[in-house]
Each structure stands twice: as structure tokens, then as C-alpha cells.
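The values are calculated or read from the model by the stated rules, or taken from the named source; none is laboratory data. The model shown is predicted, which means the values in this text are computed figures rather than measured ones. Counting neighbours? That spans all protein chains shown, and the Cβs are built from the backbone with ideal geometry, glycine included. Heads up: the accessible areas ignore ligands, DNA and RNA and are worked out on the full protein's heavy atoms, side chains in. Shrake-Rupley method; radii C 1.70, N 1.55, O 1.52, S 1.80 Å.
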Amino acid sequence: MVRGARQPQQPRSRLAPRLTGTVEKPPRKRRSRTEFALKEIMSSGGAEDDIPQGERKTVTDFCYLLDKSKQLFNGLRDLPQYGQKQWQSYFGRTFDVYTKLWKFQQQHRQVLDNRYGLKRWQIGEIASKIGQLYYHYYLRTSETSYLNEAFSFYSAIRQRSYYSQVNKEDRPELVVKKLRYYARFIVVCLLLNKMDVVKDLVKELSDEIEDYTHRFNTEDQVEWNLVLQEVAAFIEADPVMVLNDDNTIVITSNRLAETGAPLLEQGMIVGQLSLADALIIGNCNNQVKFSELTVDMFRMLQALEREPMNLASQMNKPGMQESADKPTRRENPHKYLLYKPTFSQLYTFLAASFKELPANSVLLIYLSATGVFPTGRSDSEGPYDFGGVLTNSNRDIINGDAIHKRNQSHKEMHCLHPGDLYPFTRKPLFIIVDSSNSVAYKVVHASQDLVL
């Protein structure tokens, strides 16, 4: 059973306060536009004067909340993707409105059904948006517990068949919403290693795509079939179910379990440095991926996380005051997941991580990218003379793993050379290079005090 949406637990000074009170009064301009729409919505329910004032206000408040939630949600895409503080206030406001909207439709469902004509797919759309908010909160904070909250809302949509009536309407855009919901749900299940659910969702998505392309003459049939191929290849490339010695199936995970922390080697000192931030970059050619998440990125991001816990087991029920002994949040290193970034994008995110890196902390860079090799022998052996790894560009790739320079007198402008990382060695830096030209980065280790 889906609970009222809970705003992710962050320090109160950084996010909007918890949801309390009634629905805020809409501005005059917004209210007049909403009431104009109400005349059309309520016209089928009888004369406008016959509608009780209380029910009219319920529909008006719901329309305002729905309109406001869409406005705030669409504004999330305009927030900077880098930086750990700029987004929190706006995100909190968005979660505020969606929580109010979710509770409001629960409390006034009968009136909204009769007077507004609320449909089940519209309820599913609200729940889907809340699931997306939880998922993106996981991406922003690296707190794996929010994945369970996203799974809770996505699972409820499926269990309650909120999108079941969409196929009966002659509106292809609604079917696309349903297909996108399935794709997002699959991503969350993959991250939670819920492979049984993933297989069921893939089968259902395949049936939905077949029905969608059969009913509508669409141009995106190839794209949706590609989605199915990508997730099938992803599951095959990264199996999480293995057989142990007694032939029973075991679900494996790359995450750190509560009891699975490795023991420290003798003589190691704890507390000098801690891993606080990580850039996980995937830019290999023809690599297995799903939803801009390559297999390499998927494995590395899990290796930097603890196993998720259900927030419901740690938090009080809605409406009750928070207890003084509320469990503390378990910190994971903050991560940026960059799929085929350009050089400027990579450098921007790297600079943001460097700027916000706390004291006594380490920045990790994981590069899984195609190698760029030098052409010919250079007179010098500096950090820009051994090539590096490729960043995203529109140029053609020659021979798969390497690209060749058009002019030997110019450096490859889309190559991340070892020397490009030198400015960031002013703080502790840990570099992992998974590339056919990873040997080029040995020059960094030879000249700088960092781990490679």
C-alpha cells in the first residue's frame, strides 16, 4: 500500500519545511484561469449553480495543485546538473507540492471522480512523478534508500493497474507515458538487483510496445524495440544470479553490506582521508548500456554504495512527530554519472567536484573510455605526448578503439590527456582508467603525488 509521499530526509535548513497546513491559496491570475477550465470540466455534471461551493473549491484547489506541480517538475530540468547545493531548495518545493497533491487526491477522491472526472491514469501519472523525484534524489545524493521509495511508488502503479485503461483511449501520447514508466521502473529494479521483477517488466513492456505499434502508425517503433534489445543485452552482460556449491541461486551485489566490510590490513590508520566524491565516466564504443548507463558505470557506482535500506523501517508514520533518536543517514560518496560527455562537460563537472570537495577527502575519477593514441614519435615525453582517452565528439571513430589525428602538429582536441588532470592534483585524487590506452596515465603517477 502506497503511503503519503515523504520528502527525503535532509537537513531542514537546506530543504523546504515538512508538509503541514492546508493547500495554499492560488494567485488571482492562476485562479481565474483554473476556474475557466472548471466550467468545461463541470458542465457534464449538471448546471454550474447546482454544484456545492465546497465541492467547487475542492476541484479548484486540485486543479491549482496539479498545475503547480507540473510547472515545478518541468523546471527541474533547468537546474544545474553539477553542484550539491544549488538544486536543494527548488527540489524541496517541488516535493512539497507533489506530496500535497498526492494526499489531496486521496482525501477527496469521490468528489474528484464525480466533478472533475479524475481518471486512474492521472493518479498513476502523479505517482510516477513522485517515483521520478525519489530516483533523481538518489542520483543527486547517492543515498540508496531513496531507490526503495521510488520502487514503492512504481510498484504500486503496476499493482493497482493505474495505466490499464490507457490502451482503450485513442491517444498515443498516453501510451508513450506508460512505456516510459516501464523503462524507468526497469532502471530502478536493475539498481536494486530485483531481476525477477525486471524479467516480468521486460515481458510486459514488450507486449505493450507490440500493441502500441500495431494500433498506431508511429515512427518510434524502432526506438522502442532498441530499448528492449538494450535491456536484454544489459541483463545478459551483468548477471546477478549465480549458482553456489549446492546449486541454489544466489543474488550477487557489488554494494557494501552492513556485515561485509573488509578488514583493515595491519598497520593501516583509519580516518586520515575519506572518499567524498566520484566521477564515473563511460565513453567506450559499442558498449552494452541501458538508459545512458553502461555496464562499467553500473558496476562501479554499486561498488561505491552501501546496500539500500527501507526508509519506512527507520522513520515514524506520517503525522507523528520525529523522535529524538531517529537513525542517522548512512553517507555514500557523492557521484556524478557522465555518459559520453564532451571535454567541456567533463571538465565542468570535475571542477565542480574539486571546488566542493571537503577537507581530508578524496576525489575519485573512473574513466571507461576509448583510447586515443599518438601518431609518430614525439621529441618530448610530457603529459600531452602519450595520448589519453576519448571524450564525446561528432567525429568518426577509426578502427573502433583508436582515432588518428588529421594533423600531427595539433593535439587531439577531444582527448582527455593526462596533463588535463594536473590542476586537480592540488587535492587528493584517485584515478581509475579502464581503457586501451590507460598506460598513458602512468606519467601522472610518476610526476604527481596521487594514486593511479
Checklist line | Per residue value of the accessible surface for region 53-238 (all protein chains in place, 1.4 Å probe), Å² | finding: 44 Å²
Notebook entry, point to check: How would you classify region 80-131 from its alpha-carbon gyration tensor, with a ≥ b ≥ c the square roots of the eigenvalues: rounded for a/c under 1.5, else prolate if a/b is greater than b/c, otherwise oblate?
Noted result: prolate
Check: Got a number for carbon plus sulfur as a percent of region 53-238's accessible area, 1.4 Å probe?
Finding: 45 percent
Item checked: Charged-residue dipole, Cβ positions (Lys, Arg, Asp, Glu), region 53-238 about Cα centre, Debye nearest 20 -> 1020 debye
Next item on the list: Enumerate the amide H contacts of PHE430 below 5 Å, restricted to partners 5 or more residues apart or on another chain; note that Pro and chain-start residues carry no placed amide H.
Entry: LEU363, LEU364, ILE365
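A 32 angstrom limit on the alpha carbon distance is what I want to check against. Which of LYS68/LYS199; LYS70/LYS340; LYS68/LYS289; LYS168/LYS340; LYS100/LYS177 exceed it?
Correct reply: LYS68/LYS199; LYS68/LYS289; LYS168/LYS340.
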Note to self: Give me, ordered by chain and number, the residues 5 or more places off VAL389 or on other chains with an amide H under 5 Å from its own placed amide H.
What the structure shows: VAL372, LEU416
Margin query: Beyond 31 Å, how much of the Cα-Cα pair distribution for region 53-238 remains, as a whole percent?
Written below: 23 percent
